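First up is the structure itself, then whatever we jot down about it.
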Amino acid sequence: MNDFKNLFSPITINKMTVKNRIFAPPMGTNRCTPKGESSVEMEECLRDLSRGGAGLVVIEIADIDSKRRYDEHVLGIFDDSLIPGWKKLVAAIHENGAKAIAQVIHAGNIPLVDADDPEDTGTVSASTVPHAYNPSRIPREMTVDEMMEVKALYVAAARRVKEAGCDGIEVHCAHNHGLLATFVSPLHNKRTDEYGGNLVGRMKFPLEIIRAIREQSGPDFPISVRISACEMEDGGCTIDDTCLMAKLFEEAGVDFFDISNGTLTKSQFVIPPTGMPLALNADYAQKIKQAVSVPVGCVGRIKDPWTAEEIIRLGKADMVFIGRALLSDPEFPNKVMAGQVDDIRPCIGCTECVTSAMYGGPTTCSMNSALGHECDNEIGVCKTKKKILIAGGGPGGLEAARVAALRGHEVTIMEKAAKLGGQFAIAAIPPAKQDLAAGLQYQIREVKRLGVNLIMGKEVTAQVVKEFSPDVVIAATGGKEIMPEWLMKGAHKNVCTAWEALAGVENIGRNILVIGGGQVGCETADYLAPHNYRNLGGRKVTIIEMQDNIMVDDYSPNRNMLVDRLNRKNVAIITGGKVETVLEDGIEYVADGAKHVLKGIDTIVAAMGTISENSLYEELKDSGIQVCLIGDAQQPRKIMQAVYEGAQAARQI
């Protein structure tokens, strides 16, 4: 702790004293009921954050308007019947000495309102500018009477928050989404009455709401506002605008600030993935801190204790909002306090926590197999110690080994390669993916710490299993890249897979064709084109994809950044193209019903997907030996599924 004395010093905000400067920001769990009610799973998630040592926890965003729900997965604070559930959430946070803050929002122009809504409530906004996430619904410009009704909803929500036992309230006014953010932002507020025009006019309605909440809650109830330091869009709010905004909020009664950045259409600033700078909002927070006299905190890629400590020591912010790093390891604060920094399970910036929720499931994590499964994640001591052989040292196999060792089993990993990691190691190679190497490093360090026996350079076969005589085999044999025969045996002689290109086991030329525009193909193209090919020493890279766009199943902020890099590097992208013939120096393909030829290609890289490598499982499943199949060996997916299935397999032994 001596190295982090600023991080673990208390701070007083209004009359509320927080035990340290680590604040957990609001993070959706997707675990509420369709009616906006809380759940036991939400309670456990918040309890984990508090138990792990966070000083303050901001409860996930909550709707204030029952008629304009953000969506059915968002918590509600729009009715008194919800207060008992909120009391349970607050109690879960208070159990371990953390403070509880509620974040509230009016969905404005983004709610997922049914087209046949009988009350015709519809979407509303400062103006008739639709949100990019809901472009087919033109919002109605709010009347002043409607604005007063919404102000009353905020006041009622503040009353409920206080009755539930929260220590304060945070009003969401960031990211150019939600009603108040549309009033503040020139991108959406085109009004010409007193609630539009310059920043002072655009701030009038949010300030009225803050004053009304202050009047309702009393002078001692802490009020926070989340704002974007800069909207990062042409014509949007700048840092200078936000400094004035913060001054006006402080004058209206705000006690502290939660500084974020960007808009939902610039999501890499809202939820910065691997490849974005660490603490990217700290310098902005410092400018805002210089403009106000109340505490200022910032969020955004604060994923290790050294960065967090420096932010506070240098006066850039008064507290740090650490989000995904606490999802990856809720015990982060306690481990830092105990001097166990190397034991922190790192966030790898993959943003699967966000995209898992976007697909409608609970928020989950590639590194933390317990997240999203809070009620069934206990790792108990085994009743009977067993000899477990894990075939494969990728992320799923490593997690299975960790959990099995914690349960007290005798565990061996046998990996046919010379190094552990499997696809996890390859995934860390492309630009902006270094955080994945830290995740793999942690997994390897953990299995070594727990005494797992590691045998490298040996493939597990049925004969090896017979000789080893384990009680249980976990087949974590992963997948293998698809290399179609028509390509492998085609006229072109320099053909390899994306994994081979990334791992550096094949010579790559100067004019490269990547077949497949999924995530692997695009990341490989990004790696093979280190700079614009028109620069001296550059490579010309072309991607051909059969679908009408690249990475069609990737909704993460990582995609935005990757596409930007491909464009900067002049990577040519052909969509809707199907390869028909492989030539000695190129291909023939069909697109838009016409035939085309690409010539001068000296390397063809296949990024056409993965198939399971499950031959070991097929050999053993009827042999009488207990065998579990996990990860890509079961079905090619992502790190997150492999890690979860590895943990589950080990828990059940």
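Every condition in (1) of a type outside the set (G, A, S); (2) within 22 Å of G315 (Cα to Cα); (3) in a loop (DSSP other than H, G, I, E, B) holds for D65 except the one numbered (2).
Tallying residues that are of a type in the set (G, A, S) and either touching a Ser or Thr at 6+ places or on another chain (Cβ under 6 Å) or over 22 Å from D220 (Cβ atoms) (or both) within region 140-171 yields 2. For the residues V505, V460, V447, the requirement of being buried (at least 23 other Cβ atoms within 10 Å of the Cβ), of a type outside the set (G, A, S) and part of a loop (DSSP other than H, G, I, E, B) singles out V460. The single condition among (1) surrounded by 15 or more Cβ atoms within 10 Å (Cβ to Cβ); (2) within 21 Å of V627 (Cα to Cα) that S469 does not satisfy is (1).
The set of residues from region 186-209 being in contact (Cβ under 8 Å) with a residue 60 or more places away in the chain, touching a helix residue (DSSP H, G or I) at 6+ places or on another chain (Cβ under 8 Å) and farther than 19 Å from D145 by Cα comprises just one member, H188.
Before we move on, is S224 assigned to a strand (DSSP E or B) and of a type in the set (S, T, N, Q)? Answer is yes for this residue.
Exactly one of (1) part of a loop (DSSP other than H, G, I, E, B); (2) of a type outside the set (S, T, Y); (3) over 16 Å from R402 (Cα atoms) is unmet by C382. Its number? Single failed check for C382: (3).
For region 48-68, a residue qualifies if it is over 18 Å from C353 (Cβ atoms) and either in contact (Cβ under 8 Å) with a residue 60 or more places away in the chain or buried (at least 20 other Cβ atoms within 10 Å of the Cβ) (or both), and the qualifying residues are S50, R51, G53, G55, L56, A62, D63, I64, D65, R68. Taken as a whole, the condition of being acidic (D, E) and either surrounded by fewer than 17 Cβ atoms within 10 Å (Cβ to Cβ) or farther than 29 Å from I543 by Cα (or both) does not apply to E481. The single condition from (1) in contact (Cβ under 8 Å) with a residue 60 or more places away in the chain; (2) outside any loop (DSSP other than H, G, I, E, B); (3) not assigned by TED's automatic domain parsing to the domain that holds D435 that I348 fails is (2). Of all the residues in region 501-553, those that are of a type in the set (K, R), closer than 14 Å to I601 by Cα and without any contact (Cβ under 8 Å) to a residue 60 or more places away in the chain number 2. Among all residues of region 59-75, there is at least one that is under 21 Å from the mean Cα position of the chain (by Cα), farther than 23 Å from N134 by Cβ and either modelled with pLDDT under 95 or not aromatic (F, W, Y) (or both).
The values are calculated or read from the model by the stated rules, or taken from the named source; none is laboratory data. Keep in mind that this is a model prediction, so the values were computed, not measured. Note that we place each Cβ from the backbone using ideal geometry, even for glycine, and neighbour counts take in every protein chain shown.
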